[in-house]
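Here's the structure we're looking at; comments come further down.
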Amino acid sequence: MDSVARLTADDATTWLDGFMPYAIARGDIAGAVVTVVKDGKILVRRGYGVSDVAKQTPVDPDRTLFRMASVSKLMTWTAVMQLVEAGKLDLDADINQYLDFKVPERGLPITLRQLMTHTGGFEANIKYMWTSEAVAEAGGIELGPYLKRRVPAQIFAPGTVPAYSNYGTSLAGYIVERVSGQPFAEYVEQHIFVPLQMQHASFRQPLPPALRALVTKGYALGSGKPREFEVTPSAPAGALSATGSDMARFMIAHLSAAGGHDTAILKAATSQLMLTPQTRFAPPLNTMALGFYEIDVNGQRVVSHAGDTYSFHSQLFLFRDHDVGLFVSLNSAGANGITGPIRRELLENFADRYFPAGTAAPAAAVDAALAKAQARQLAAPSYLDSRRAETGIGRTGILTQTRLEALDDGSLRLPRLKQPNGQPTTFKPIGPWLWQASNSELRLAAILKDGKPVGFAVDSSSPFNVFLVAEGYRSALWLKPLLTAAVAVLALAALAWPIAAFVRRRHGRVLGWPRSTLLAYRLSRAACWLLLLVPAAAM
């Protein structure tokens, strides 16, 4: 029996019922939903755990709403492609021609194609990404005013560096709003949700009363207390609430269009354009299409998008060659960053079961000496995440740099990428400037310029995020020690002020300085306290 024939409702249900309860239990996750589609139909829809821990309300895949986080972006990009299909938007035109305010340019205009591939060059700043339902109810999250107030700096020339951008996606959503003449949430309802009968899906914040009672609570840990409903002014980038069954219908539509059939939301030709690879910054790692990104698993053509809020963690996978889709959403952050590994294991185990890899060619011999030398060279500098802030208090994030550790056998360890057991991921050398995780298909590759490494990327994020060598003057290797010394000096000066005053008062002594000198002394000590306290308060 071939692998596709094995994917039946009974088999998938049995397999998921073994995998998911264990996964959410070990991760301290309250609840989850999984849907599988095949050949234009919903094959499996399953809820696991609870949507409300206190009430022990079970997750219902047809009625329980989960927050989609950045999976919401696929709705936004679908809306953009609908307007491209209608001739109302040009992927390669300057976006400023569609806006009622001007987005600054760094040498070249920014295009919708660049927004869809996260190469608009914007810095990232999550400080204003989330707010409260009270602010939303008071009308404080209107898309246009928010975007005009929060225009980020452009830290890369357009089209040159992938840097995941919620602002860029929200700009695209605002362009949909302006060109269509409809509020974004209303446009998506009319042109995506209604045609696909996604009856419980909504971008509205707060949710309409009929849906508000159906949304699952979000948790840090399933064993903990629920968090407040997460509201984002950057709605096109992350505000969608939907059920597992809603997302199944969305997957069916995209798979059908990708298979050459015109659908209620996109024509086949538009889908082909949307899924055409656009950028690859770290060969041989994965590519970015228009909105979707590629994932390599068992040699299958899989396109995907993940999404994460503080509480909710979702991902959608489309196996294009098999007309199969897989969707999962978790309503808790869980322990030890578990939601990423759960989603990766779900995908890999699903693919191993139903679409196993063919017989692999014998692995090419790795030059051990070369692997060791390349590992040492790549591990020498510290790296800046391309997704970062470089203005305001956010620029202190420059100190949170990424390091690789070179091991004696030519392997590389990436401490920031944790495994389910909380241990850092180790990558074994499999070729020149290429490593693979010891327990998965995840790969790490150097980014080369003129044959020399200038950065690296990891499969899980390489289409939209890379790590670039921190230039000498920005390297944490010397910035952190210098900052530590500076803070120590400031702290000593600040603490010396009240201590010295206490000692003088105890011994009945006064400072016999001129008034101007005394004022300067007090101002300098006050400045020390301000330099210590103001940045801390702004974090």
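Derivation of every value follows stated rules applied to the coordinates shown; laboratory data play no part. Given the structure is predicted, the values throughout are model-derived calculations rather than measurements. So basically every Cβ, Gly included, is an ideal-geometry build from the backbone, and we count neighbours across all protein chains shown.
Derived from the Cα gyration tensor, the three semi-axes of the equivalent ellipsoid of the chain are 42, 30, 25 Å, largest first. Its DSSP H runs of at least 4 residues, each contributing -39,500 (n - 2.57), put the calculated 222 nm mean residue ellipticity of the chain at -10500 deg cm²/dmol, to the nearest 500. Ordered by the count of other Cβ atoms within 10 Å of each Cβ, fewest first, T169, T517 give T517, T169.
Between D11 and N439, the modelled labels are 2.7 nm apart [label points 7 Å from Cα along Cα→Cβ].
Residue exposure proxy: R443, R353, ordered by other Cβ atoms within 10 angstrom of their Cβ from fewest to most, comes out as R353, R443.
Sequence neighbours fewer than 8 away in the same chain don't count; with that in mind, list the lysines whose C-alpha is under 27 Å from K127. The qualifying lysines are K73, K102, K148, K217, K225, K418, K480. In this rough spin-label picture, where each label sits 7 Å from Cα along the Cβ direction, the L370-E133 distance is 6.0 nm. Using a simple spin-label model with pseudo-atoms 7 Å out from Cα toward Cβ, R149 and F101 lie 1.0 nm apart.
The magnitude of the dipole of the chain, with charges of +1 and -1 set on the Cβ of Lys/Arg and Asp/Glu and taken from the Cα centre, is near 2700 debye. By the count of neighbouring beta-carbon atoms within 10 Å, fewest first, S332, S438 end up ordered S438, S332. Stretching K267 away from T400 to a fully extended chain increases their span by 43.4 nm, per 0.36 nm per residue minus the current alpha-carbon distance.
For region 153-235, a simple Cβ point-charge model (Lys and Arg +1, Asp and Glu -1, everything else neutral) yields a dipole of about 260 debye relative to the Cα centre.
Membrane-span-like helices in the chain, defined here as complete DSSP H runs extending at least 27 Å along the helix axis by their C-alpha atoms with mean Kyte-Doolittle hydropathy no lower than -1.0, are 476-506, 515-538; this is a sequence and geometry rule, not a statement about a membrane.
Annotation: extensible slack from A86 through T276 equals 66.5 nm (criterion: 0.36 nm per residue apart, minus Cα-Cα distance). Calculate the length of the line joining the C-alpha centroid of region 72-92 to that of region 292-310, in whole Å. Region 72-92 and region 292-310 have Cα centres spaced 20 Å from each other. Across every direction, the projection of the convex hull enclosing the Cα atoms of region 139-286 has a mean area of 12.1 nm². Distance from the C-alpha centroid of region 314-389 to that of region 123-171: 28 Å, rounded to the whole angstrom. Normalised by the number of residues in region 3-354, the mean separation of alpha-carbon contacts (under 8 Å, six or more apart) gives a relative contact order of 26 percent.
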